[in-house]
């Protein structure tokens with residue numbers, strides 16, 4: 001998954017130890033898509049297990065896009081959280097997320113010390 005993060009240019013997730021910590025953190029739900037032995041996609045969300053979750057990451061290898069991999073990852077991750085609502089923030093993925101039933105809402109992203 002760290003190798004895929006390099007391909008899709010997510011520098012914060014290129015360290016396998018960080019990926020492991022993110023995917024095994026309390027409240028984390030993660031799914032991986034494979035083609036043979038190759039990781040071609042992965043998604044991760046954090047949630048309370050009941051009401052709400054946040055879709056943190058979705059990545060699909062460029063060679064496997066537009067084949068339904070991302071859609072399956074998002075749907076499996078949402079179902080896996082066990083929550084009624086999944087929030088997300090996107091910059092450039094709006095067209096993809098518009099294909100799901102949704103409600104667009106404004107919001108803020110807080111960074112400690114920023």
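Taken together, the values in this text are just the output of simple stated rules run on the coordinates, not laboratory data. The model shown is predicted, which means the values in this text are computed figures rather than measured ones. Reconstructed Cβ throughout: ideal geometry from the backbone, glycine too, with neighbour counts over all protein chains shown.
The stretch between residue 102 and residue 65 holds 11.2 nm of extra length on full extension. This uses 0.36 nm per residue minus the Cα-Cα distance. Name the residues of the stretch 51-71 whose amide N is less than 18 Å from a point 7 angstrom out from the Cα of residue 84 along the C-beta direction? Of the residues in the stretch 51-71, 51-55 have backbone N under 18 Å from the label point off residue 84.
Dividing the summed -39500 (n - 2.57) terms of all DSSP H runs of n ≥ 4 by the residue count of the chain sets its mean residue ellipticity at 222 nm at -7500 deg cm²/dmol. Using a Gaussian network model on the chain with a 10 Å cutoff between Cα atoms, which of 32, 60, 104 fluctuates the most? Per the Cα network of the chain with a 10 Å cutoff, 104 tops the list. If you run the Gaussian network model on the chain, springs between alpha carbon atoms under 10 Å, then out of 71, 85, 95 the most flexible one is 95. Between 92, 49, 68, the Gaussian network model of the chain with springs among Cα atoms under 10 angstrom shows the greatest mean-square fluctuation at 92. Normalised by 2.2 N^0.38 Å, where N is the number of residues, the C-alpha radius of gyration of the stretch 2-97 stands at 1.03.
Simple spin-label estimate for residue 75 and residue 2 gives 3.3 nm between the two label positions (7 Å along the Cα-to-Cβ direction from each Cα).
Normalised by the number of residues in the chain, the mean separation of alpha-carbon contacts (under 8 Å, six or more apart) gives a relative contact order of 21 percent.
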